[in-house]
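Note sheet for the following structure.
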Amino acid sequence: GWTGAGMIPVDEYQEEGALVVRAELPGIDPEKDVELTVSDHALHIEAERKEEEEVKEKGYVRHEVRCGSFSRTLPLPESVTEADITANYKHGMLEIRIPTPKAEPAKKIPIGTT
């Protein structure tokens with residue numbers, strides 16, 4: 001569930017060379033309600049959810065709309081670009097995979113003595 005203002009429970013874990021971020025977002029349209037952008041070496045996740053509820057009371061209908069919005073910024077490894085990041089939405093779960101590049105082995109520089 002959604003607890004507090006703008007807080008969606010998010011799981012982050014490492015998996016075979018990738019950071020996986022999962023957010024529970026039931027009842028949204030991933031094309032319209034979620035925006036993923038990359039700037040300044042960070043991934044920005046923004047999501048908005050509207051819940052409509054009809055309450056029938058003594059002959060009149062009251063329409064209630066509850067909104068929840070959420071944003072999160074995750075720092076990206078230096079060499080990762082937006083082309084490397086994949087995102088998937090199914091069964092109410094948004095899953096984002098960010099590759100974590102392996103550390104480059106140190107390169108030795110030969111020292112000339114001539």
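Taking the charge dipole of segment 1-102 about its Cα centre, with +1 at Lys and Arg Cβ atoms and -1 at Asp and Glu Cβ atoms, the residue from THR37, HIS91, PRO101 reaching farthest to the positive side is HIS91.
Summing charges over all other residues whose Cβ lies under 12 Å from the Cβ of ARG97, with Lys and Arg as +1 and Asp and Glu as -1, gives -4. Only helical runs count toward this figure. For the chain, summing -39,500 (n - 2.57) over DSSP H runs of n ≥ 4 and dividing by all residues gives -500 deg cm²/dmol at 222 nm.
With all pairs of separate Cα atoms included, the chain yields a Kirkwood hydrodynamic radius of 17.0 Å.
Read-outs: derived from the displayed coordinates by stated rules, not from any lab. Note that the coordinates shown come from a computational prediction; the quantities given were computed from them, not determined experimentally. Note: ideal-geometry Cβ built from the backbone for every residue, glycine included; neighbour counts use all protein chains shown.
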